[in-house]
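Trainee: Sharing a structure below in structure tokens format, with a few things to ask.
The values are calculated or read from the model by the stated rules, or taken from the named source; none is laboratory data. Worth saying up front: this structure is predicted, and the values here are computed from it rather than measured. Every residue, glycine as well, gets a Cβ built from its backbone with ideal geometry; the counts of neighbours run over all protein chains shown. For accessibility, only protein heavy atoms count, side chains too; no ligands or nucleic acids. Shrake-Rupley method; radii C 1.70, N 1.55, O 1.52, S 1.80 Å.
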Amino acid sequence: MYDIDPDIRRAQTLPGTFYNDPVVFERIKESLFARSWQMITGAEDQVKLPLDALPFRFMDGFIDEPLLLLRDAQGALNCLSNVCTHRGKIIVENPGKLDRGLVCGYHGRRFQLDGSFMSMPETQDMENFPCTDDNLTQLPIKQWRQFLFTSLDPIIPFEEWVEGLERKVDFLPLQDFRFAASRSRDYLVHANWALYCDNYLEGFHIPFLHKALAQSIDWGSYRTEPDTWGNCQVGVGKSGDVVFDLPKTHEDHGQQIAAYYFWLFPNIMFNFYPWGLSLNMVRPLQQNLTKVSFRAYVWDEKKLGAGAGGDIDLVEREDEAVVEQVQLGTRSRFYKHGRFSPRQERGVHQFHSIISKLI
Ligand code: FES
Ligand SMILES: [Fe+2]
């Protein structure tokens with residue numbers, strides 16, 4: 001559908017229609033998002049003990065697939081379809097304990113906690129029953145540190161997806177990072193989800209758009225390091241800035257790193273600062289409406305408010321304003337497509353290339 005030249009010097013960006021055509025928006029649901037890894041949130045508090053269960057929807061407000069995360073009697077995690085295989089009722093409606101097992105409240109169909117069909121009343125004369133269609137579909141569940149992920153039909157090997165994170169931030173004690181509700185919020189952006197990602201994926205605009213941030217980042221050393229399914233933008237601080245204390249074995253040891261900005265295809269960002277982590281999940285709602293959820297995890301309170309990770313709210317507002325303007329611009333009959341700066345827009349080129357291969 002789209003052809004992105006692998007040579008960035010010749011390549012054109014995705015065309016304006018990509019961000020505006022409702023047919024394309026529908027298409028990416030299946031070909032891209034249903035096959036992606038998405039984070040399951042809320043599990044740390046609600047699915048701690050055996051028989052705890054948490055119903056949720058995969059990509060709420062977009063794909064809306066009803067799923068159930070639970071711990072079995074041994075404490076192992078399972079992720080299942082939460083739709084009864086009899087006539088389609090949602091099985092578990094609220095978070096809680098599965099003390100009575102997994103039973104559908106409509107006609108009493110029972111399932112094991114791994115989703116396999118167990119029993120049902122009034123099925124005496126049924127033929128070819130039960131069969132595999134009567135089991136609840138089991139979905140993959142993967143974990144990176146304390147974060148859980150699932151996918152409806154994964155095309156990306158999970159370990160490959162997180163390899164950059166693993167390599168760069170292995171030195172950080174993520175288990176000590178504490179979720180900070182007061183620093184976490186959702187933003188509604190009146191723009192296509194991919195425009196939000198495009199903007200995130202280049203630091204080219206920093207000196208133009210983020211005057212305050214530009215004071216604490218050495219823009220000349222700013223770089224993008226690609227992995228197969230994502231990349232890391234490395235923000236080097238100016239001297240005297242708050243930076244990471246990198247161990248001798250780290251590949252960036254000796255450099256003044258103020259921030260690592262990771263993007264994992266298609267829509268998750270892990271921003272590590274010396275104070276902790278700001279996680280962004282970019283959720284498409286409509287073709288020109290996107291919810292961005294910010295979740296903060298604080299590690300070192302004393303470093304909050306300083307350096308590149310200082311006023312991230314201001315940076316966010318500046319980014320949203322520009323992305324909303326770009327949404328209007330890409331709708332113009334006079335806008336066809338753009339070009340990539342070979343030095344500054346490698347991350348955007350990588351993003352467009354992956355999209356072009358999947359849809
Ligand atoms: S819909 Fe679940 S038992 Fe009938
Ligand atoms: Fe920005």
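Trainee: Output the residue which, of all residues in the stretch 50-98 that are closer than 29 Å to Asn192 by Cα, open to solvent by 50 Å² or more (accessible area, probe 1.4 Å) and in a loop (DSSP other than H, G, I, E, B), is modelled with the highest pLDDT.
Mentor: Here the answer is Asp64.
Trainee: Would you mention how many residues in the stretch 23-42 are open to solvent by 20 Å² or more (accessible area, probe 1.4 Å), assigned to a helix (DSSP H, G or I) and within 17 Å of Leu139 (Cα to Cα)?
Mentor: Looking only at that region, the number is 1.
Trainee: Considering only the stretch 150-168, state which residues are part of a loop (DSSP other than H, G, I, E, B) and surrounded by fewer than 17 Cβ atoms within 10 Å (Cβ to Cβ).
Mentor: Asp153, Ile155, Pro157 - these are the residues of the stretch 150-168 that are part of a loop (DSSP other than H, G, I, E, B) and surrounded by fewer than 17 Cβ atoms within 10 Å (Cβ to Cβ).
Trainee: Right, something else. Take Tyr187 and tell me if it is in a strand (DSSP E or B), of a type in the set (Ser, Thr, Tyr) and within 16 Å of ligand 2 (Cβ to nearest atom).
Mentor: For Tyr187, the condition - in a strand (DSSP E or B), of a type in the set (Ser, Thr, Tyr) and within 16 Å of ligand 2 (Cβ to nearest atom) - is met.
Trainee: Turning to a different aspect of this structure: Quick one: which residue in Pro154, Pro140, Pro130, Pro121 is farther than 25 Å from Val298 by Cα and touching a Lys or Arg at 6+ places or on another chain (Cβ under 7 Å)?
Mentor: Result: Pro154 is the single residue among Pro154, Pro140, Pro130, Pro121 that is farther than 25 Å from Val298 by Cα and touching a Lys or Arg at 6+ places or on another chain (Cβ under 7 Å).
Trainee: Restricting attention to the stretch 169-184, and to residues there that are touching a strand residue (DSSP E or B) at 6+ places or on another chain (Cβ under 8 Å) and open to solvent by 60 Å² or more (accessible area, probe 1.4 Å), which single residue is nearest to ligand 2 (Cβ to nearest atom)?
Mentor: Arg183
Trainee: Let me ask something additional. Take the residues in the stretch 103-117 that are touching a Gly at 6+ places or on another chain (Cβ under 8 Å) and within 12 Å of ligand 1 (Cβ to nearest atom), then tell me which one is least open to solvent (accessible area, probe 1.4 Å).
Mentor: Ranking the candidates gives Phe111 first.
Trainee: Suppose the filter is assigned to a helix (DSSP H, G or I), open to solvent by less than 10 Å² (accessible area, probe 1.4 Å) and within 28 Å of Gly16 (Cα to Cα); does Val323 pass it?
Mentor: Judged against the criteria, Val323 is a match.
Trainee: Among the numbered conditions (1) modelled with pLDDT of 95 or more; (2) within 16 Å of ligand 2 (Cβ to nearest atom); (3) open to solvent by less than 30 Å² (accessible area, probe 1.4 Å), tell me where Glu316 comes up short.
Mentor: For Glu316, the exception is condition (1).
Trainee: Tell me whether the stretch 193-201 contains one or more residues that are in a loop (DSSP other than H, G, I, E, B) and either within 16 Å of ligand 2 (Cβ to nearest atom) or under 21 Å from the mean Cα position of the chain (by Cα) (or both).
Mentor: Yes, some residue in the stretch 193-201 is in a loop (DSSP other than H, G, I, E, B) and either within 16 Å of ligand 2 (Cβ to nearest atom) or under 21 Å from the mean Cα position of the chain (by Cα) (or both).
Trainee: While we're here: What number goes with the only condition from (1) outside any strand (DSSP E or B); (2) within 16 Å of Tyr222 (Cα to Cα); (3) open to solvent by less than 10 Å² (accessible area, probe 1.4 Å) that Gly254 does not pass?
Mentor: (3)
Trainee: Under 7 Å between Cβ atoms, at least 6 apart or on separate chains: pull out the pairs that start in the stretch 53-82 with a residue that is free of Cβ contacts under 8 Å to residues at least 12 places away in the same chain and end on any residue that is among the acidic types (Asp, Glu) and buried (at least 21 other Cβ atoms within 10 Å of the Cβ).
Mentor: That search, which allows pairs on different chains as well, returns nothing.
Trainee: Which ones in the stretch 271-315 are under 15 Å from Leu188 (Cα atoms) and of a type in the set (S, T, N, Q)?
Mentor: Answer for the stretch 271-315, where residues must be under 15 Å from Leu188 (Cα atoms) and of a type in the set (S, T, N, Q): Asn280, Gln286, Gln287, Asn288, Thr290, Ser293.
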